[in-house]
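Take a look at the structure below.
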Amino acid sequence: MHTFCFAVVCAAGSIAGAQVVGFSEDFNGDGAGYGGGSFQGLVADGGVGGVGDGYLLVGNDDLANLGAFATTGSGLVGDLPAAGVTGISFYLSELDTDDGLEIHVGVGNNFTNFWTTTIGFDADAGGWTQYTVDLTDASQWTQIFGNGSFEDALAATDRILFRHDVSPIVRSPDPATGFFGVDRITLLPAPGAAALLLAGAPFAIRRRR
């Protein structure tokens, strides 16, 4: 059982939104547009920015599928290629305890064509690590459900998933207990402009409040 000495804000309501290159979710709002069986809500303190910076908390005390996702209302889903999105940047942390989790990112349409990263990410305990996934290279992704190309999946994305799994990667992930945080999910444009976003250029990043 993990105990968090933070205020947790539960997701409520719905915020209209569409994917925009440069959009960055820093989880200092109400958490609308996020869900999944392991979605615990937003923690108001302890994100990448430290005191007063929120993050998305994902976790299970009991053995079960471990993951959460962004969906309609998050500002992150839609026709990603048409919007010029070529990658996704995000931060992960295993918070206060190393649970040995392997976090994979998933994109696409949950009911017709869904893919996850072939290689998982190791979220360190006690700090935040930034990662980036490339949406222009299908070889880095594995189709776990449905038919169609990776490009088709990106054009009809209805959720972006963060979940624990180990190889072989299939639709139903390996169950696990543990907790991890996600922060500052950013939709990246072509590489030249992405460098500006990752550097924190204020004119390029739109944050939800």
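A compact table of results
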| item | result |
| --- | --- |
| Matching residues, the range 133-150, being of a type outside the set (A, V, I, L, M, F, W, C) and surrounded by 13 or more Cβ atoms within 10 Å (Cβ to Cβ) | 134, 136, 140, 142, 143, 146, 148 |
| Positions within the range 20-42 being assigned to a strand (DSSP E or B) and either aromatic (Phe, Trp, Tyr) or in contact (Cβ under 8 Å) with a residue 40 or more places away in the chain (or both), in sequence order | 23, 24, 25, 34, 39, 40 |
| Number of the condition not met by residue 162 [criteria: (1) in contact with a Leu (Cβ under 6 Å, 6 or more places away or on another chain); (2) part of a strand (DSSP E or B)] | (1) |
| Qualifying residue in the range 44-67 (condition: within 28 Å of residue 154 (Cβ to Cβ) and at pLDDT below 95) | no |
| Qualifying residue in the range 120-130 (condition: of a type outside the set (Gly, Ala, Ser), within 25 Å of residue 64 (Cβ to Cβ) and assigned to a strand (DSSP E or B)) | yes |
| Test result for residue 134, of a type in the set (D, E, K, R) and over 14 Å from residue 178 (Cβ atoms) | yes |
| Residues (in contact with a strand residue (DSSP E or B) (Cβ under 6 Å, 6 or more places away or on another chain) and assigned to a loop (DSSP other than H, G, I, E, B)) located in the range 171-189 | 171, 173, 175 |
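The values are calculated or read from the model by the stated rules, or taken from the named source; none is laboratory data. Just so it is clear, the model here is predicted, and its values are computed rather than measured. Counting neighbours? That spans all protein chains shown, and the Cβs are built from the backbone with ideal geometry, glycine included.
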